[in-house]
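Trainee: Provided herewith is a single structure, encoded as structure tokens, for subsequent inquiry.
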Amino acid sequence: MAELDILKKSNSKKVKKRERKEYNHKNYLENKEVVSKRTKKYKAEHKELYKKYSKNFYVRFRYALIELLGGTCVNCGFDDVRALQIDHINGDGAEERKKHRGSLLYKSMLERYIKDPQKFCVNYQLLCANCNWIKRSTNKEYKKPISKF
Ligand SMILES: [Zn+2]
């Protein structure tokens, strides 16, 4: 399965990433000002690269999940991936988005799906943007309800 390969790939990088992280942190503590200045400069000069890299994993995890969940809105059958959303059936999506940001959210979802697909499908479903917004409004999954107009 393609989505398993994506996960393996990202996990095998974890070890090297951790080693690099430890080294970088030690280096950072020893040369705090110089490193932070250099990092800021590099990030500013390579904004697009940073964006593209994170977006790449974000998109890949998201598409893999959409495919695993059937690829169509469970309510109306809409199937354009651009407007499909992974819905938290019990409406606690905001909480989860606080815990995992960006591609990490989809990665953690994908890991949970692969661990136990049945359990995952009890908590998540695929909805199109319209059905998702209507569900949110109907179930009052908001602090502030959205008016109909
Ligand atoms: Zn729909």
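Trainee: Can you put ASP5, ASP87 in order of Cβ neighbours within 10 angstrom, beginning with the fewest? The partial results should precede the final answer.
Mentor: Numbers: ASP5 10, ASP87 23.
The most exposed by this proxy come first: ASP5, ASP87.
Trainee: A further question follows. Sum -39500 (n - 2.57) across every DSSP H segment of at least 4 residues in the chain, then divide by the residue count to get the 222 nm mean residue ellipticity, nearest 500.
Mentor: On the way: 7 runs with 102 residues, N = 149.
Rounded to the nearest 500, it is -22500 deg cm²/dmol.
Trainee: Rounding to the nearest 20 debye, state how big the charge dipole of the chain is about its Cα centre with +1 on each Lys and Arg Cβ and -1 on each Asp and Glu Cβ. Walk me through the numbers before you get to the answer.
Mentor: Working: 37 positive and 18 negative charges, 199 e Å.
So the dipole magnitude of the chain works out to roughly 960 debye.
Trainee: How do THR138, THR39 rank when sorted from fewest to most other Cβ atoms within 10 Å of their own Cβ? The partial results should precede the final answer.
Mentor: Details: THR138 8, THR39 12.
Fewest-to-most Cβ neighbours within 10 Å comes out as THR138, THR39.
Trainee: Find me the longest stretch of the chain that has none of the exposed trypsin sites (Lys or Arg not before Pro), where exposed means in a DSSP loop (not H, G, I, E or B) with at most 13 other Cβ atoms within 10 Å.
Mentor: Details: sites that count: ARG101, LYS140, LYS143, LYS148.
So the longest stretch without any such site is 1-100.
Trainee: Listed here are the pairs LYS26/LYS99; LYS14/LYS115; LYS107/LYS140; LYS52/LYS119; LYS21/LYS47; LYS21/LYS52; which of them are more than 23 Å apart at the Cα?
Mentor: Working: LYS26/LYS99 26 Å; LYS14/LYS115 19 Å; LYS107/LYS140 28 Å; LYS52/LYS119 32 Å; LYS21/LYS47 21 Å; LYS21/LYS52 21 Å.
Flagged as over cut-off: LYS26/LYS99; LYS107/LYS140; LYS52/LYS119.
Trainee: Along the Cα→Cβ direction, 7 angstrom out, place labels at ASN130 and LEU4. What is the inter-label distance in nm?
Mentor: According to this spin-label approximation, the distance is 3.7 nm.
Trainee: Using just the C-alpha positions of segment 21-81 as equal point scatterers, what log10 of I(q)/I(0) does the Debye formula give at each q in 0.15, 0.22, 0.30 1/Å?
Mentor: Evaluating at q = 0.15, 0.22, 0.30 Å⁻¹ gives log10 I(q)/I(0) of -0.66, -0.91, -1.08.
Trainee: For segment 2-138, report the % of Cα-Cα distances exceeding 22 Å.
Mentor: On the way: 4679 of 9316 pairs.
Summing the P(r) tail past 22 Å for segment 2-138 gives 50 percent.
Trainee: I need to check one value: relative contact order of the chain, counting alpha carbon pairs closer than 8 Å and at least 6 residues apart, in percent.
Mentor: On the way: 105 pairs, mean separation 37.8, N = 149.
Relative contact order of the chain: 25 percent.
Trainee: With just the Cα atoms defining each centre, how far is segment 103-123 from segment 33-53? Give it in Å.
Mentor: One Cα centre to the other: 32 Å.
Trainee: Need one number: nm distance between label points at TYR28 and TYR42, each 7 Å from Cα along Cα→Cβ, rounded to one decimal.
Mentor: About 1.2 nm, to one decimal.
Here, each number is a calculation from the coordinates, and none is a lab measurement. Predicted, not measured: the structure shown is a model, and the values here were computed from it. Positions of Cβ are generated from backbone atoms using ideal geometry, with glycine treated the same way; all protein chains shown enter the neighbour counts.
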